[in-house]
1. Need at least 3 residues that are touching a Ser or Thr at 6+ places or on another chain (Cβ under 8 Å) per element, so show me which helices (runs of 4 or more DSSP H) inside the stretch 5-97 make the cut, counting only ones lying wholly within it.
2. Considering each residue of the stretch 8-30, count those that are β-branched (Val, Ile, Thr) and at pLDDT below 90, and give that number.
3. Exactly one of these conditions fails for residue 86: (1) closer than 29 Å to residue 18 by Cα; (2) at pLDDT 90 or above; (3) β-branched (Val, Ile, Thr). Give me its number.
4. Give me a count of the residues in the stretch 1-38 that are exposed (fewer than 11 other Cβ atoms within 10 Å of the Cβ) and farther than 20 Å from residue 63 by Cβ.
Amino acid sequence: MRKNHSLDIKIQAVLKASRPGILASEVAEEIGIHTFSLYRWKKELRDAGLLNRMPKKIDFQADLKLKDQLKQLEKENKQLKMENAVLKKLKELGEAKKKKPSK
């Protein structure tokens, strides 16, 4: 079954695939299309003149900064999940201890 992707998705995919170090095949796999489709989208957007209207300069420094921030947030999230699990376990142990009858 053929899936119709929005123009916004196509533009985002083409721009992402245009970045240095990003393979078109990775972008295509990420959104569930064949690499050929991504190249066809690029040609269609270029032929329609839409690629010319997009910003040519991509702020890679800002992109790298965002990736660093994402890594830091993922690290913090992992730590918080571990702390949460410990707190839940302590709560369970405390409740179990309260329920035990005293001798």
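The values are calculated or read from the model by the stated rules, or taken from the named source; none is laboratory data. As the structure is a computational prediction, the values presented were derived from the model and not from experiment. Cβ sites come from the backbone with ideal geometry, for glycine too, and all protein chains shown count toward neighbours.
1. Here the list reads 24-31.
2. 3
3. Checking residue 86 against (1) closer than 29 Å to residue 18 by Cα; (2) at pLDDT 90 or above; (3) β-branched (Val, Ile, Thr), the one that fails is (1).
4. Qualifying residue count for the region: 7.
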